[in-house]
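K.L.:
Input: one structure, supplied below.
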Amino acid sequence: VVINGEEHYPMQSVFKFPIALKVLHDVDSGKTKLNDSIFISYAELKNKTWSTIQEKYPNGNIKMPLSDIIYYMVALSDNIGCDVLLKHYGGASAVNHYLRSIGINNMTIKINEAEQQSKPDRQVKNWATPNEAINLLTMFYKNSLLKPTTQNFLWETMKKTATGSIKRKLPKGISVIHKTGSAPNIKNGTAVNNDIGIMIFPNKKAVAYAIFIKDSKETSDTNYNLIAEIGKIIADYKK
């Protein structure tokens with residue numbers, strides 16, 4: 001089922017999924033290790049941004065294992081962790097190069113979280129089509145992108161995603177791996193709310209979904225409820 005599948009939608013924090021894939025590809029290539037330590041300086045912290053790392057370490061100047069930063073970035077949608085990883089692993093251009101190398105062309109990252117936060121009108125520069133998000137999720141599900149260890153690490157991390165609303169109305173027994181993204185006021189008072197992921201049913205069947213909402217005059221709470229309703233429709237249809 002596809003509605004506006006080739007439309008360009010601002011990803012918001014959904015872009016942390018391809019960033020994680022690129023970094024873990026570097027792990028698979030031997031360029032880095034999951035237990036490598038990365039230094040996060042005080043200068044890299046921001047006064048107003050979503051970051052559990054910053055809340056936990058308000059003075060910065062700490063070393064964190066790469067695996068922990070990926071967890072914070074994906075499961076908790078940490079903005080500081082995201083920008084630290086982008087800086088250490090080649091920036092947006094390196095992620096784009098990785099995406100093109102695996103055949104993902106309709107997903108583009110141009111700016112980091114700091115710029116998304118400070119310049120709302122530029123947030124549309126990080127965009128994807130719903131169809132391409134589904135393509136990337138399908139490749140991930142089919143184990144064609146990562147080695148077993150990194151595949152399992154990211155899968156389990158995405159299963160722990162604590163943001164978004166897709167799970168609110170799902171029947172018991174359905175597990176979800178997903179990544180969310182939102183902005184309460186991207187331009188002219190409009191909201192963006194996104195959720196892409198894979199539902200796994202008790203019979204082991206799987207459904208990939210990509211829900212993008214842009215230019216919405218509704219509140220984020222209303223949009224979150226819409227996403228939860230769509231999730232329930234998918235579950236009711238497939239069970």
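K.L.:
Using unit Cβ charges (K, R positive; D, E negative) and no other charged atoms, how large, in debye to the nearest 20, is the dipole of segment 75-161 about its Cα centre?
P.N.:
Values: 10 positive and 7 negative charges, 40 e Å.
Taking the Cα centre of segment 75-161 as origin, the dipole is about 200 debye.
K.L.:
Within a Cβ distance under 11 Å of L145, other residues only, what is the Lys/Arg minus Asp/Glu net charge?
P.N.:
Taking every Cβ under 11 Å from that of L145, the sum is +2.
K.L.:
For segment 101-192, what class follows from the C-alpha gyration tensor (a ≥ b ≥ c being the square roots of its eigenvalues): rounded when a/c is under 1.5, otherwise prolate if a/b is larger than b/c, else oblate?
P.N.:
Numbers: a/c = 2.13, a/b = 1.34, b/c = 1.59.
Taking the square roots of the gyration eigenvalues as a ≥ b ≥ c, segment 101-192 is oblate.
K.L.:
Here's another thing I want to ask about it. So what J values fall out for segment 105-111 if you push phi through Karplus, 6.51 cos²θ - 1.76 cosθ + 1.60 with θ = phi - 60°, rounded to Hz, Gly and Pro as x?
P.N.:
Once θ is set to phi - 60°, the couplings for segment 105-111 become 10, 9, 8, 9, 10, 10, 10 Hz.
K.L.:
May I pose another question? Ignoring ligands and nucleic acids, what accessible area does Y42 show with a 1.4 Å probe (Å², nearest 10)?
P.N.:
130
K.L.:
Here is a follow-up. Applying 1/(1 + (r/R0)^6) with R0 = 30 Å to the Cβ-Cβ distance of S175 and I102, what FRET efficiency is obtained, to the nearest 0.05?
P.N.:
Details: r = 25 Å, r/R0 = 0.84.
Plugging the Cβ-Cβ distance into 1/(1 + (r/R0)^6) gives 0.75.
K.L.:
Moving on to the next point. For Cα extents along the principal axes in Å, the listed values are (i) 51, 39, 33; (ii) 46, 42, 36; (iii) 49, 44, 33; which was obtained by calculation from the structure presented?
P.N.:
(iii)
K.L.:
I've got another one for you. Go through K56/K167; K110/K169; K56/K217; K160/K217; K16/K159 and tell me which ones have a Cα-Cα distance over 24 Å in this structure.
P.N.:
In this structure, K56/K167; K110/K169; K56/K217; K160/K217 exceed 24 Å between Cα atoms.
K.L.:
In addition: Once phi is turned into θ = phi - 60°, what whole-Hz ³J(HN,Hα) does the Karplus curve with 6.51, -1.76 and 1.60 give for every residue of segment 47-54, x standing for Gly and Pro?
P.N.:
5, 10, 7, 7, 7, 5, 4, 5
The values are calculated or read from the model by the stated rules, or taken from the named source; none is laboratory data. On a predicted model such as this, the values are computed, not experimentally measured, just so you know. Here Cβ is always computed from backbone atoms with ideal geometry, including for glycine, and neighbour counts include all displayed protein chains. With ligands, DNA and RNA removed, areas are computed over all heavy atoms of the protein, side chains included. Shrake-Rupley method; radii C 1.70, N 1.55, O 1.52, S 1.80 Å.
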